[in-house]
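Below: the structure, in structure tokens.
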Amino acid sequence: MVLTRSASRYARCIIRWFPNEVLGLVMQCLSPADLATLCQTSQLLRNIGTPLLYRSVTLTTSSRLELFKKSIDESPQLELASRVRMFVLKTVDVDGSPAPLVKEISTLLLRMSHLHSLRLVSKAVDFTILLEHAAFPHLTNFEFTVIRPPMGALRTFLNRHRTIRTLRIDTRTRAAFPGRIRLPRLTDLTAFLSAVPAFDLRKNHLQYLTLLARRFDVRADVMPDKLANIHSAASVIVRSFGCRQHLEWSLLAAVAWRFQHVKSLAFVRSTTLSEAEVGNVENILKALHCLRTLDLHRAGESSPEDREVVLKWAAACKAVSVVKFHGQLWKYKKAESQWVVLG
């Protein structure tokens, strides 16, 4: 039998000797741009690679959203929506998109039955339909950053997805959740302070807890109560957005009282510590017997007095071995019995 030139090349091609599963594993290691280029080289690679292109989808403009929806609708036999594992919607020009397209976002997401990670960051899109009806059996990572979210629908959505392990909720509303939220597998929580009391985490062992404190949801008299439903946390980050200083320190004191076994504590705000606040840190450290890392990393000029400050904090908490302060990383060298600057 005489082979044509193209058939002869195909017969000598190493790709034909590999199972499709092996080719798929190799193609998973490629960047999205390289994978898209490879899909244009042959029918075989296109059939294998196209579903892989849709495993992780990030949309930042309404035009990309429209193109994505078009590709899903034009290839129903590939079931591309069910191939999506991570979906990120971060709209920056949603106001200029057609109204019907905005409404179809939730409908499109409802078809992603195998979704593992979902990030919704938008100023204008109403996700009420999605929150009320969507069910993602494999969802483990959820971020919801919306200015005015429907709190009732959001609570229903969270209680429906008890597989969530990592959760971030960032809003600008003063409204609280209308009831309890139970996520038995949750290990990483980022939430604004007024939302924290709704979470029943008394049986959870959080690895990471990030508290977003704003001026309107921080009150010194109810600070301990807001953390009462959290059993423990290995690492705590407090981010202050325009809070008054005495409220910030009330919150840090409540954190130290509630999580005395915390191993890492970070305090993030826009200004550096004053001399008086250095003493506040020292008092807080006295309650944290298991703390290993203290992060007060802020931009600013370092000074010779920094060593004295770090030594005071180390004396207040014998367990601490790493301190980030004034843009420098201090580490305790046990062999040399002294604190040194690493960077």
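What follows is calculated from the coordinates using simple rules that are stated; it is not laboratory data. Since the model is a prediction, treat every value here as computed from it, not as a measurement. Using ideal geometry, Cβ is built from the backbone for each residue, glycine included, and neighbour counts are taken over all protein chains shown.
If the viscosity is 1.306 mPa s and the temperature 10 °C, what translational diffusion coefficient in µm²/s does Stokes-Einstein give for the range 302-343 when Rh comes from Kirkwood over Cα pairs?
Taking Rh from Cα pairs, D becomes 153 µm²/s.
What is the range 13-53's relative contact order, in percent, from Cα pairs under 8 angstrom and six or more apart in sequence?
After rounding, I find 37 percent.
Out of L80, L130, L38, any idea which swings most in a Gaussian network model of the chain, alpha carbons joined below 10 Å?
Taking springs between Cα atoms under 10 Å, the residue moving most is L38.
Quote the FRET efficiency, to the nearest 0.05, computed for S31 versus A266 with a Förster distance R0 of 30 Å and r equal to the Cβ-Cβ distance.
In this case the efficiency is close to 0.40.
Report D for the chain in µm² per second (integer): Stokes-Einstein, Kirkwood Rh on Cα pairs, 37 °C, 0.692 mPa s.
Stokes-Einstein gives a translational diffusion coefficient of 140 µm²/s.
Could you name the lysines whose alpha carbon sits less than 27 Å from that of K70, not counting residues in the same chain fewer than 8 places away?
K90, K103, K123
Quote the relative contact order of the range 178-296 in percent (integer), defining contacts as alpha-carbon pairs under 8 Å separated by 6+ residues.
Worked out over the range 178-296, it gives 22 percent.
Tell me which of L154, Y332, S82 sits at the most positive position along the dipole axis of the chain, charges placed on C-beta atoms (Lys, Arg +1; Asp, Glu -1).
S82
Quote the relative contact order of the chain in percent (integer), defining contacts as alpha-carbon pairs under 8 Å separated by 6+ residues.
7 percent
Cut-off is 10 Å between beta-carbons; in what order do L201, L78 appear when sorted fewest neighbours first?
Taking fewest neighbouring Cβ atoms as first place, the list is L78, L201.
If the reach is capped at under 12 angstrom between alpha carbons, list the aspartates and glutamates near K263, excluding any in the same chain fewer than eight residues apart.
D295
Lys and Arg at +1, Asp and Glu at -1: add these up for the other residues within a Cβ distance under 12 Å of M86 and post the number.
+3
With r defined as the distance between the Cβ atoms of N229 and R111 and R0 fixed at 45 Å, what FRET efficiency is calculated, to the nearest 0.05?
Computed FRET efficiency for N229 and R111 comes out at 0.80.
Among DSSP bridges having both ends in the chain, what percentage is antiparallel? Round to the nearest 5.
Bridges in the chain that DSSP calls antiparallel: roughly 15 percent.
Highest GNM mean-square fluctuation, the chain, Cα pairs closer than 10 Å: which of T187, T156, T272?
Greatest mean-square fluctuation among the candidates belongs to T272.
Dividing the Cα convex hull volume of the range 262-343 by residue count, how many Å³ per residue is that?
Dividing the Cα hull volume of the range 262-343 by its residues yields 86 Å³.
Under a Cβ-only charge scheme (Lys and Arg +1, Asp and Glu -1), can you give me the dipole magnitude of the chain about the Cα centre, in debye to the nearest 20?
Roughly 800 debye, rounded to the nearest 20.
How far apart, in nanometres, would the label points at K203 and A335 be if each is projected 7 angstrom from Cα along the Cα-to-Cβ direction?
My value for the distance between the label points is 4.7 nm.
Which residue, L296, L311, L288, has the most motion in a Gaussian network model of the chain that connects Cα atoms within less than 10 Å?
L311
What number comes out for the charge environment of L201, summing +1 per Lys or Arg and -1 per Asp or Glu over other residues with Cβ under 12 Å away?
Overall, the nearby charge balance is +4.
Figure the gain on full extension for S75 and R182 (residue separation times 0.36 nm, minus the Cα-Cα span) and round it to one decimal in nm.
Value of the extension gain: 34.7 nm.
Mean residue ellipticity at 222 nm from the helices of the chain, using -39,500 (n - 2.57) per DSSP H segment of n ≥ 4 over the full residue count, to the nearest 500 deg cm²/dmol?
That calculation yields -9500 deg cm²/dmol at 222 nm.
Given a Förster distance of 51 Å, report the FRET efficiency between T41 and H133 from their Cβ-Cβ distance, rounded to the nearest 0.05.
Once the sixth-power term is evaluated, E becomes 0.80.
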